[in-house]
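The values are calculated or read from the model by the stated rules, or taken from the named source; none is laboratory data. All values reported here derive from a predicted model rather than from experimental measurement. Cβ sites come from the backbone with ideal geometry, for glycine too, and all protein chains shown count toward neighbours. Quick note on the areas: whole protein, heavy atoms, side chains included, nothing else; ligands and nucleic acids left out. Shrake-Rupley method; radii C 1.70, N 1.55, O 1.52, S 1.80 Å.
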Amino acid sequence: MLADAVSDPADEILAEAIDRGRAALAARQKPDGHWLFDLEADATIPAEYVLLEHYLDRIDPALQARIGVYLRRIQGAHGGWPLYHGGRFDLSATVKAYYALKLIGDDIDAPHMRKAREGILAAGGAERSNVFTRFQLALFGEVPWRGVPCMPVEIVLLPKWFFFNIWNMSYWSRTVVAPMLVLGALRPRARNPRGVRVQELFAKNPERVRDWIRGPYRSAWGPVFKQIDALVRPAERLMPRLIRSYAIRRTRRFIEPRLNGVDGLGAIYPAMANTVMMYDALGVSPAHPNAATAWEAVRRLLVDQGDETYCQPCVSPIWDTSLAGHAIAEAELAGAPSHPGLDDATAWLRDRQVLDVKGDWAVRNPTLDPGGWAFQYNNAYYPDVDDTAVVGMLLHRHDADGNTEALVRARRWIVGMQSTNGGWGAFDIDNNTSILNHIPFADHGALLDPPTADVTARCLSFLAQLGYPEDRPVIERGVAYLRRDQEADGSWFGRWGTNYIYGTWSVLCALNAVGVSPDDPMVVRAVDWLISVQRPDGGWGEDCATFEGGEPGRYHESLPSQTAWALLGLMAAQRREHPAVARGIASLAAAQDANGEWQEQPYNAVGFPRVFYLRYHGYRLFFPLLALARYRNLGRSNSSRVTYGF
């Protein structure tokens, strides 16, 4: 219950900031009720798109010129391309960006190309790039196929009980690898009509390289699997043609029901691009509906910004809409003008619940009925656990009675997706066969989708907000998982956001929602950690270097997203009156621009730690508004406890 408002100049300033933030966010809503913001990765996706056009000989010079502008702009001062804003030189990203720019027509003696090439050679040459980069180079004939770890297409025939099978991989690995297996079996050659090569990027002639697979390994399994690769490789050449043809047909039978229309296989760029190349290698006409639709799906990921263009890894409309909805709802509670578009947003979300497709998750729980939401517009085989929890909390908050059926289905699905250790993964149950992350192909270390603290926290928040007494054992197992997963410094790792501030905020929201005391030692340690990493200006900041050994919760500047997460975490722990919160709110309000928005360039999320990072362009609008509005709401309330799970 909100107390009677008292005239307070500081509160009036806060109210005005909330009104401006709400108006700015509401203005970006689409006519049908949803929100969509750009989702930016690094140079690798736009570079791979350029390579794809040259692989197929479907070159759009004007488009490629605009991609070139983008790639040149994001080149680092070190001469290479980083994986995130301000990041260090990354060899694989730089190899791909250099090749793309050379294909576009950049002179290799131009200063930016020379500097990139020198950096690549200093890092050991293109032969030391990662597996996915070497696979691209093999398609263009730049490295021999023995430069890529052996992954026979017959893998799809392995039974589910065997440790190494496609069902033990994460959804993103499954959809990316399946068409790659066909490409690896057929070994096609890119058309590359201009004959552009990049042999100058190799420190040693690729034909003379013998140690394509080498350490440092992540465990003692690394050298073991290297020896297995050496044994399997000659055996692959002896595979009977009938078995190979059958394996390719089986792979197509896996892929084609999951093509997902113009949203693409897995609704992620690498899987879509591999599918396009697979159909081309199989001799399928570009006019065939499957091939044509797969190509259209790829093209839909392009973001044209006038002078420059880049390619997104995927799109995030359901995630964006649910987060925007929470921010708008909190702002309205804080006294901002009512936004009629919230009804449209929740209706739009409700219509996209997956109710009739049992996706790959059903391999682990075949009796469970579907009821989740995807991350993208459509991705029925791969609903997202995190999205489902956040959408569910918004629907419950906005109109619990009107959304009863959707919430019942979502709750059952979330409960059924809990892993045996009490946590939740993003897309699968018990997807934790960790040995797979040590095979040579998995040099990225992200072949799996194990439970994580942030996704687990969101599921607990959702279940607690619904309040079914019979869910208490499920919740207690989840809380026990979070207790075990807390870091020694009191924080939690953020698997899907940057990073420890994100994870700690997520968990503190859940602990509040499920009724853990704010004086619980677990909560106290988390609060102490958040306060300890507050910056002198009152804000918080953290960048992706913390996924690579950087000090958790630290950055050289305060950022709107991280400041908001820290504040929301502290308020969930019932520390609204702590001086650190007041300082953070002042910092956040002061950072708002004249348009009611906040600005930030550093990346705020992660696809795969150490390998692939993301910048959600909407985070700078959602979370600061949510934090300011919650602060005002708690100040006007008779209770210090946040009443919602998010």
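What the table below lists for this structure:
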{"read-out": "Between region 372-429 and region 568-626, the alpha-carbon center distance in angstrom", "value": "24 Å"}
{"read-out": "Label point at Arg250 placed 7 Å out along Cα→Cβ; residues across region 153-189 whose backbone nitrogen lies under 12 Å", "value": "153-162, 165-167"}
{"read-out": "Cα radius of gyration and Dmax for region 35-173 (Å)", "value": "17.1, 54"}
{"read-out": "Peptide ranges 173-182, 580-589 listed from the most packed, as the mean C-beta count within 10 angstrom indicates", "value": "173-182, 580-589"}
{"read-out": "Helix-only CD estimate at 222 nm, as mean residue ellipticity for the chain, using -39500 (n - 2.57) per DSSP H run (n ≥ 4)", "value": "-15000 deg cm²/dmol"}
{"read-out": "Which of Asn192, Thr275, Pro340, positive extreme of dipole for the chain (C-beta unit charges)", "value": "Asn192"}
{"read-out": "Most to least accessible of Ser561, Ser640 (protein chains only, probe 1.4 Å)", "value": "Ser640, Ser561"}
{"read-out": "Of Gly607, Phe140, Trp361, farthest towards positive along the dipole that unit charges on Lys, Arg, Asp, Glu beta carbons give the chain", "value": "Phe140"}
{"read-out": "Residues whose placed amide H lies under 5 Å from that of Ala605, excluding near-sequence neighbours", "value": "Thr498, Leu614, Tyr616"}
{"read-out": "Part-to-part distance (alpha-carbon centres) for region 326-367 and region 70-127, which is given in Å", "value": "41 Å"}
{"read-out": "Lys, Arg +1 and Asp, Glu -1 on Cβ, resulting dipole of the chain about Cα centre, debye, nearest 20", "value": "2680 debye"}
{"read-out": "Gain in span if fully extended, Asp593 to Ile13, counting 0.36 nm per residue against the direct Cα distance", "value": "207.4 nm"}
{"read-out": "Whole-number percent relative contact order across region 34-177, with pairs defined as alpha carbons under 8 Å at least 6 apart", "value": "18 percent"}
{"read-out": "Arg300-Glu200 pseudo-label distance in nm [points 7 Å out on the Cα-to-Cβ vector]", "value": "4.0 nm"}
{"read-out": "Rg to Rh, two decimals, where the chain supplies the alpha carbon set and Rh follows Kirkwood", "value": "0.97"}
{"read-out": "Two-site FRET efficiency, Asn638 against Arg483, from Cβ-Cβ distance with R₀ of 41 Å, rounded to 0.05", "value": "0.85"}
{"read-out": "Given charges at Cβ of Lys, Arg, Asp, Glu: region 58-140 dipole, positive-most of Ala126, Leu83, Ala62", "value": "Leu83"}
{"read-out": "Region 203-294 - Rg over Rh from alpha carbon coordinates, Kirkwood radius", "value": "1.09"}
{"read-out": "Rg/Rg_ref, region 493-646, where Rg_ref = 2.2 N^0.38 Å and atoms are Cα", "value": "0.97"}
{"read-out": "Over 21 Å [Cα-Cα, region 435-545], rounded percent", "value": "43 percent"}
{"read-out": "Simple Cβ-charge dipole of region 326-476, Lys/Arg +1 and Asp/Glu -1, about Cα centre, in debye nearest 20", "value": "240 debye"}
{"read-out": "Relative packing of peptides 87-98, 211-222 - highest average C-beta neighbours within 10 Å first", "value": "87-98, 211-222"}
{"read-out": "Simple Cβ-charge dipole of region 414-553, Lys/Arg +1 and Asp/Glu -1, about Cα centre, in debye nearest 20", "value": "300 debye"}
{"read-out": "Partners for Lys102 among lysines (Cα-Cα distance below 28 Å; same-chain residues under 8 apart left out)", "value": "Lys115, Lys204"}
{"read-out": "Förster-model FRET efficiency, 30 Å R0, Asp211 and Arg72, C-beta, rounded to 0.05", "value": "0.35"}
{"read-out": "For region 224-353: relative contact order, % (alpha-carbon pairs under 8 angstrom, 6 or more apart)", "value": "16 percent"}
{"read-out": "Hydrodynamic radius by Kirkwood, which averages 1/r over all alpha carbon pairs of region 136-261, in angstrom", "value": "16.6 Å"}
{"read-out": "Net length gained if the chain between Asp109 and Val524 were fully extended (0.36 nm per residue, minus Cα distance)", "value": "143.6 nm"}
{"read-out": "Phi-based couplings in Hz for region 608-625 (Karplus 6.51, -1.76, 1.60; Gly and Pro marked x)", "value": "9, x, 6, 10, 8, 10, 9, 10, 7, 6, x, 4, 5, 9, 5, 6, x, 5"}
{"read-out": "Cut-off 20 Å, label 7 Å out along Cα→Cβ of Arg233, residues of region 135-156 by amide N", "value": "135-155"}
{"read-out": "Contour minus Cα-Cα distance for Ser219 and Ile59 (0.36 nm per residue)", "value": "53.3 nm"}
{"read-out": "Percent carbon-and-sulfur accessible area, region 131-267, ignoring ligands, DNA and RNA, probe 1.4 Å", "value": "58 percent"}
{"read-out": "Against the rule of thumb 2.2 N^0.38 Å, how large the Cα Rg of region 283-407 comes out", "value": "1.29"}
